[in-house]
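Where a number appears in this text, it was derived from the coordinates with a stated rule and is not lab data. None of these values were measured; they are calculated from a predicted model. Cβ placement follows ideal geometry from the backbone for every residue including glycine, while neighbour counts extend to all protein chains displayed.
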Amino acid sequence: MRAKVVLMARMNDRPNSFPYVAAEVKAGRILFPIEWASKDRRVTQYKQNDVMGFYARYHNNGVNQSKPVGTRVSEPLGRDPMSALTRFLQIDQDFERIQRGLAPINVPTDTKKTFRPERSLVDCVAKWEADLIAEGKKPRTVTDYVGRVKHLLRFFEGRTKMIDDVSDDDLRQFLVWTTKNIKQRKGAGGSFNNTQRNILRDVGILMRRNGVEMPLKTKFWPKEVPKAKRKYSVVSINEMLQAASGERSDRIHFTADDDKDLLLFLLNTGFRAQEAAHAQYKDIDFQRGTINVYNKPEFDWRPKDNESREKDIELSTRFLARMKNRKERLKGKSTDLIFPNRDGRPHKKMIRVIQRLVKRAGLDGKAGMHMIRKTFGTMVANKRGLELARIWLGHEDVQTTQDYLAADELSTKESRALTEEMFSGVGD
């Protein structure tokens, strides 16, 4: 097969997934939509707005004088289809000429300035922030993404830096700078290596959105330090339920029944904290015995990725009865929140309920609502399979679900009892 230059488009398919897709040229233009068939043969069509940048991909035969001959090259062409096509056709023409033993005729004196206007890093970050807002990302998501990238702006403060000119050496020096100028967020857990990796990941997303390859390859990033997988055991959940009936102060808004209802709601649904805070009785289909997550425009709230679960979450008969009793006990309407605050608005401090139960139950470690979600995910995966756990947890990638699976988070008492049991048959 004759060696050739292939026109590729990098697509913004979803967060952290940016496939390269071959683009077709016909009648002097790039054809849209660009189609891509995934491994499962699902065909996706991408519009021009989905393109993060075009690339000319080829094995260098000398057409790219900045790269060694024989290496595989993905040369950025920019995001504009017309200018990208112009440059692609020039590369393709020179590539074929060199294959035939002829000299190239389209080599520019300064490729960067000729075929793509210089873009400052500051302008690119500002545009990314505006794009994220326009794409409907949540304020917290925008703040997190852009906030991490702005560390790189601080590193280059006082210097005008073009995004195309950020080199691997720049990023290596930037990593050294982060160790002295960035404080790890309290309660983040893990290692500062992971903080640095998160920053580099988002810098890479920014660069790819602007048609620029991430110059520092991932093999040179700080080594990832795996986070401990933690969840609650069923025994620990039961101890928390028993602790809910303990002595209470007048400042506590929730009753003992409220505490139990919330704990069991989180365990039976696997909802995220904000999903539970915005859950209404109408979200529960009592007849079919299911629940799902929905947009709540009355509270100006949307679920993660603006999506409900692909399949309704099935609820046990016992838990459905508990939710019916709660609705009747509180004389709730279908539009009422299941767990409101004192003002009838979404409860933003539910974590305090779990913290109180963990403390009263004498459980070890830091309390976390996410640990209950991981308990739910592990139970579903063990009994119903990993794919259903992925769907009910609302994950796009099964690898994320796999990362949720964890061994039981045992109390010291439980752990000691299991150790005694393991060695009980060993004689003196």
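The Kirkwood hydrodynamic radius of the chain, based on inverse pair distances between different Cα atoms, is 25.7 Å. At an R0 of 60 angstrom, the distance between the Cβ atoms of L405 and T86 translates into a FRET efficiency of 0.75. Since only G385, T44, T195 are under comparison, the one whose Cα sits farthest along the positive direction of the charge dipole of the chain, derived from C-beta charges on Lys, Arg, Asp and Glu, is T195. Note on the stretch 6-115: Cα convex hull, mean projected area over all directions, 8.1 nm².
The stretch between A22 and A256 holds 78.3 nm of extra length on full extension. This uses 0.36 nm per residue minus the Cα-Cα distance. When the Debye formula is applied to the Cα atoms of the stretch 231-414, each taken as the same point scatterer, what base-10 log of I(q)/I(0) results at q = 0.19 Å⁻¹? Evaluating at q = 0.19 Å⁻¹ gives log10 I(q)/I(0) of -1.45.
Label separation (N106 vs N306): 3.7 nm, computed from points 7 Å beyond Cα along the C-beta direction. Helix 139-155 versus the longest principal axis of the chain: what angle, 0 to 90°, nearest 10, using Cα atoms? Helix 139-155 sits roughly 50 degrees off the main axis of the chain. Its residues counted as N, the stretch 40-92 yields a C-alpha radius of gyration over 2.2 N^0.38 Å of 1.36. Work out the charge dipole of the stretch 231-414 with +1 on the Cβ of Lys and Arg and -1 on the Cβ of Asp and Glu about the Cα centre, then indicate which of M323, N295, Q274 is farthest towards its positive end. Of the options given, the answer is M323. Taking 7 Å steps out from each Cα toward its Cβ at T71 and D364 produces label points 5.1 nm apart. Inter-label distance, R384 to A130: 4.5 nm, where each label sits 7 Å from its Cα along the C-beta direction. Between D397 and K349, the FRET efficiency from the beta-carbon distance, with R0 = 45 Å, is close to 0.90.
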